[in-house]
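Data first, discussion second: the structure below is written as C-alpha cells.
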Amino acid sequence: MAHALIVIDVQKDFCPEGALAVPEGDAIVGPVNALMTDAEAVILTQDWHPAGHSSFASSHVGKSPYDLIDMPYGPQVLWPDHCIQGSLGAQFHRELHADRADLIIRKGYNPAIDSYSAFFENDHVTPTGLEGYLRTRGIDNLLMVGLALDFCVNFSAVDAAKLGFGVTVRTDLCRAIDLDGSLAAALDGMRAAGVVLEAGHG
Ligand code: VGL
Ligand code: ZN
C-alpha cells in the first residue's frame, strides 16, 4: 500500500552534543535511511525557530529550561534555545539522506506558537499544509520515525490519526526526551488515538 515515510526532526540539536540532545538520537539515522527506499514519498520535518522564540526559557524572565508555563493556547514546556533558523544545530544530521526528501516541512517559525506536530501548530488549529500535500498526492498511510518520540513524533502521529490517516510509528527508530513521565503518556495517547506502535523486525 502506498505510504509516506515521515522523518521527524532528525537534526543536530536533537542529537548528542546538540542544544536539546535526545539520548541516542543519532542511533536511528542508518536504519531511517534504509527505510527511504520502500516509501512512495519521503517527507522530512525540520524544527525551525526564530531567535527569541516563545518556547525558549531564555525568552521568559526568571524561567529555566523544562519549566512549564501557560500560553494562550495551553501549557507549554520551556526548552533550551534550539534549532534556530539557519544555525548549525538546525541542520539535519550529517548522515541523514536529506537529498531523498520529496518535501521538507519546517515548523515552529511563528514566534508566538510552538509547533510539535507536522500537521498543526500547538494551538491545534493552525495547519502546516502537510495534510493537503499528502491528500493531493493520494497518500493515506504514514510510517513515522524520528525525534523526539514523546513530543514531535507523538503530536504528529496523533494529529495524523485524527485526520484519518493510517499511522504506524516504528518506536525502535525513535528516541525520547522522557520528561516527568512524558514517554509513557505519549505511548498511551498514541495507542488511544489508533496509532499502531511497532518495535521493528529485530
Ligand atoms: C521537539 C521540543 C522542542 C521535538 C522540538 O522535535 O520533539 N521537542 N522542539
Ligand atoms: Zn522546537
Taking 45-56, 90-101 and ranking on average Cβ neighbours within 10 Å, highest first, one gets 45-56, 90-101
Largest to smallest principal axis extent of the C-alpha atoms in segment 111-174, angstrom
31, 29, 15
For V61 and D188, FRET efficiency with R0 = 45 Å and r from the beta-carbon atoms, rounded to 0.05?
0.80
Using the Cα atoms of the chain, I'd like the radius of gyration and the largest Cα-Cα distance, Dmax, both in angstrom.
15.7, 51
Quick one: order I113, I104 by neighbouring beta-carbon count within 10 Å, fewest to most.
I104, I113
Scoring the chain by relative contact order with C-alpha pairs under 8 Å, at least six apart, yields a percentage of 23
A correct Karplus calculation of ³J(HN,Hα) over segment 143-153, with 6.51 cos²θ - 1.76 cosθ + 1.60, θ = phi - 60°, whole Hz and x for Gly and Pro, returns 10, 10, 8, x, 10, 8, 4, 8, 10, 5, 5
Restricting to the chain, what percent of DSSP beta bridges are antiparallel, rounded to 5?
20
Please turn the phi angles of segment 186-200 into ³J(HN,Hα) values with the Karplus equation 6.51 cos²θ - 1.76 cosθ + 1.60 (θ = phi - 60°), one per residue in order, whole Hz, x for glycine and proline.
5, 4, 4, x, 5, 4, 4, 7, x, 6, 8, 9, 10, 8, x
Taking amide H positions as placed 1.01 Å from N in the peptide plane, with prolines and chain starts having none, which residues 5 or more places from R106, or on another chain, fall under 5 Å of its amide H?
Q46
Taking K107, K12 and counting other beta carbon atoms within 10 angstrom, the fewest-first order is K12, K107
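No value in this document is a laboratory result; all are computed from the given coordinates. Here the structure is a predicted model, which means the values were calculated and not measured. Using ideal geometry, Cβ is built from the backbone for each residue, glycine included, and neighbour counts are taken over all protein chains shown.
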